[in-house]
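One structure below.
The values are calculated or read from the model by the stated rules, or taken from the named source; none is laboratory data. These numbers were taken from a predicted model, which means no experiment stands behind them. Cβ placement follows ideal geometry from the backbone for every residue including glycine, while neighbour counts extend to all protein chains displayed.
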Amino acid sequence: MRIAVLTGGGDAPGLNAAIRAVVRRALADNHEVVGVRNGWLGLLEGETVSLTRDSVSGTLPRGGTVLGTSRTNPFKVEDGPARMLQTLEQLGIHALIAIGGDDTLSVALKLHKMGVRVVGIPKTMDNDVPGTDYTIGFDTAVNVVMEACDRLHTTAEAHHRVMIIEVMGRDAGWVAGVGGLAGGADVILVPEVPFTLEEVCEVIRQRHARGRTFSIVVVAEGAKPSDFGVQITQDARVDEFGHVRLGGVGALLAREIEARTGHETRVTVLGHLQRGGSPTVFDRVLATRLGVAAVEAIEAGHFGVMVALRGTKIVTVSLEEALAGTSPLDLELYRLSRLFF
């Protein structure tokens, strides 16, 4: 068979490990692999590259994606679906593997309904794809958050400051919740749990009353202060999938905390640091297992599915299930973290 593979949406550590696994597993059964450059944009424009054992050699520890990515929504491009189908036909593609989050997988599902044989691999550092316990890139991201907490603890303690760390997480608080718990954050704010600015300030006041002269606050970019009732955005523009660019809740918190408590407050926005760098052991192994499983799903004739991790097993779930809303933070983890506030 001739199998195409692409990576779409935001980059995340582990994408290259997944591509490598797809190629190695496919070549083991004498299949041919075609890499589509820059996500769905490459399928629109016919930008592809042949993937061989040599071309993926040494890519396991590399962050980013050797195929490139984009946030292109081909269903918002004139004749986009027809152009993609034409590209697939011209290349003689028997099956397509799409590696991405909910936006990328939503396009994959539409293509499947148009007759394309598609298998999805879940990738997003937000870990918010239903149907799987973990997505590629999440573990690396929370390790970055944990390390940031560790590093900021020392400077916060030295200067008796409140340190705010703003992390990614539009609608789900997995990165803030797990990263903050591992990093010993004193306050964790996530989209799933409403909060007021005064509640945050009161936690900090109580810490100082107990003799703790510094605090670490981890806040997801999508966390919504009840005082405002909306997510804080950088601007009103939206991408091709309708998402606004979030950011600024950390700066808002810093101003309010300093004004209301009198304690010096600083903010660090981790931003794309959470996406960059070499993947962790967990992400390398997860990506490898999912890449292999995607090829095996194709060989078994299973299409319109996503390979997923449940417990310790790799399984397949329908793309419909994978796109059934957003997988929120497990609130048991959040309640656990509250013990340490």
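General observations
- Selection from the range 262-276 of residues that are farther than 15 Å from T124 by Cα and within 20 Å of the chain's Cα centre (by Cα): T268, V269, L270
- Residue that is surrounded by the most Cβ atoms within 10 Å (Cβ to Cβ) [pool: residues in the range 115-125 that are outside any strand (DSSP E or B) and touching a strand residue (DSSP E or B) at 6+ places or on another chain (Cβ under 9 Å)]: M125
- Count of residues meeting criterion [surrounded by 15 or more Cβ atoms within 10 Å (Cβ to Cβ) and under 18 Å from V292 (Cα atoms)] in the range 76-104: 6
- Residues satisfying the stated conditions in the range 57-75, i.e. surrounded by fewer than 16 Cβ atoms within 10 Å (Cβ to Cβ) and under 15 Å from G8 (Cα atoms): F75
- Within the range 157-174, the set of residues being surrounded by 21 or more Cβ atoms within 10 Å (Cβ to Cβ) and more than 11 Å from P328 (Cα to Cα) comprises V162, M163, I164, I165, E166, V167, M168.
- Residue in the range 309-324 that is surrounded by the most Cβ atoms within 10 Å (Cβ to Cβ), counting only those that are in a loop (DSSP other than H, G, I, E, B) and touching a residue at least 24 places away in the same chain (Cβ under 8 Å): L323
- Filtering E321, E296 for residues that are among the acidic types (D, E) and in contact with a helix residue (DSSP H, G or I) (Cβ under 9 Å, 6 or more places away or on another chain) leaves a single hit, E296.
- From the list D54, D29, the lone residue that is of a type outside the set (S, T, Y), surrounded by fewer than 18 Cβ atoms within 10 Å (Cβ to Cβ) and free of Cβ contacts under 8 Å to residues at least 12 places away in the same chain is D54.
Listed here are the residues, each with its yes/no results for (1) surrounded by 15 or more Cβ atoms within 10 Å (Cβ to Cβ); (2) free of Cβ contacts under 8 Å to residues at least 40 places away in the same chain; (3) not assigned by TED's automatic domain parsing to the domain that holds P13.
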site: E296; (1), (2), (3): yes, no, no
site: V305; (1), (2), (3): yes, no, no
site: P328; (1), (2), (3): yes, no, yes
site: E332; (1), (2), (3): no, yes, yes
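- Scope the range 262-294; condition part of a helix (DSSP H, G or I), β-branched (V, I, T) and buried (at least 18 other Cβ atoms within 10 Å of the Cβ); matching residues: T288, V292
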